[in-house]
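The values are calculated or read from the model by the stated rules, or taken from the named source; none is laboratory data. Since the model is a prediction, treat every value here as computed from it, not as a measurement. With ideal geometry, Cβ positions are generated from the backbone for all residues, glycine too; neighbour counts draw on all protein chains shown.
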Amino acid sequence: MSTHPESHASSPTPPRWDRLDHRTVASTRVFDVQGVRFRHPRRNVEREFFVIDAPDWVNVLAVTTGGQIVLVNQFRYGTNDFSWEIPGGVIERGEDPVAAGMRELLEETGYAMAGEGEGGGGRAEARLLGSVRPNPAIMNNWCHFVLADGVRLLHPQAWDEDEELQVSTLPVDDVYAFARRGGITHSLVLDALMLFEPLWRARQGGGGRVS
């Protein structure tokens, strides 16, 4: 699969800088800041750029057996404000993204995949929806999106020490309308909704589960 968009008019691809070495500038509980030295292959200049070395993340777009998306509202320290999002968190080292997503969904909301005979009109399914780079300019990690199609509220929540969430469900079309009104401002959540939208439209036309 090509990583270049199709275009009839395109400028040349710039050269790749050569990565030389790195040093840890700061370490925190959630990420390290690295100073990474690069050399330009043509201009023969070296520069140090700062990179946030963070673990991979997972976000879960969970659709209930009743056709609603599970949302969480939580206080975010970076913006000093509340943020409507989909459940998610950090992927543990060696953990499968789908398994990590279902773990985060269960811990944050109590929702899990509905088993056979528990309703939903079809087979419950969890799968990888897509993956993005959160901010390639300064970060080196991935954010994976998991589609959990056919969930129910089955278990109590298990929050982390500083975690407090308002859990809500909304019909899928209402979530998109809410996002377009500016009710959802988290860029990664909007990414997940973008990836899910064509599947949802196809599902509406076909009358079945998301394909």
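General observations
- Test result for residue 36, touching a Phe, Trp or Tyr at 6+ places or on another chain (Cβ under 6 Å), surrounded by 13 or more Cβ atoms within 10 Å (Cβ to Cβ) and either on the phi > 0 side of the Ramachandran plot or not hydroxyl-bearing (Ser, Thr, Tyr) (or both): yes
- Among the candidates 177, 112, 202, residue that is touching a strand residue (DSSP E or B) at 6+ places or on another chain (Cβ under 8 Å) and either within 17 Å of residue 68 (Cβ to Cβ) or free of Cβ contacts under 8 Å to residues at least 24 places away in the same chain (or both): 112
Listed here are the residues, each with its yes/no results for (1) over 16 Å from the mean Cα position of the chain (by Cα); (2) modelled with pLDDT of 95 or more; (3) within 24 Å of residue 80 (Cα to Cα); (4) among the small types (Gly, Ala, Ser).
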| site | (1), (2), (3), (4) |
| --- | --- |
| 135 | no, yes, yes, no |
| 142 | no, yes, no, no |
| 167 | yes, yes, yes, no |
| 171 | yes, yes, no, no |
| 183 | yes, yes, yes, yes |
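- Test: residue 20 is exposed (fewer than 14 other Cβ atoms within 10 Å of the Cβ), touching a strand residue (DSSP E or B) at 6+ places or on another chain (Cβ under 8 Å) and modelled with pLDDT of 95 or more: yes
- Qualifying positions in the range 185-211 - at pLDDT below 95 and in contact with an Asp or Glu (Cβ under 7 Å, 6 or more places away or on another chain): 209, 210
- Screening the candidates 89, 67 for the property of being of a type in the set (Gly, Ala, Ser), touching a residue at least 12 places away in the same chain (Cβ under 8 Å) and within 19 Å of residue 134 (Cβ to Cβ) yields one hit, 89.
- Residues in the range 63-80 that are more than 17 Å from the chain's Cα centre (by Cα) and part of a strand (DSSP E or B): 64, 68, 75.
- Qualifying residue in the range 50-62 (condition: outside any strand (DSSP E or B) and β-branched (Val, Ile, Thr)): no
- Residue 164 vs. criteria surrounded by fewer than 14 Cβ atoms within 10 Å (Cβ to Cβ), in the same structural domain as residue 115 (by TED's automatic domain parsing), touching a helix residue (DSSP H, G or I) at 6+ places or on another chain (Cβ under 8 Å) and acidic (Asp, Glu): no
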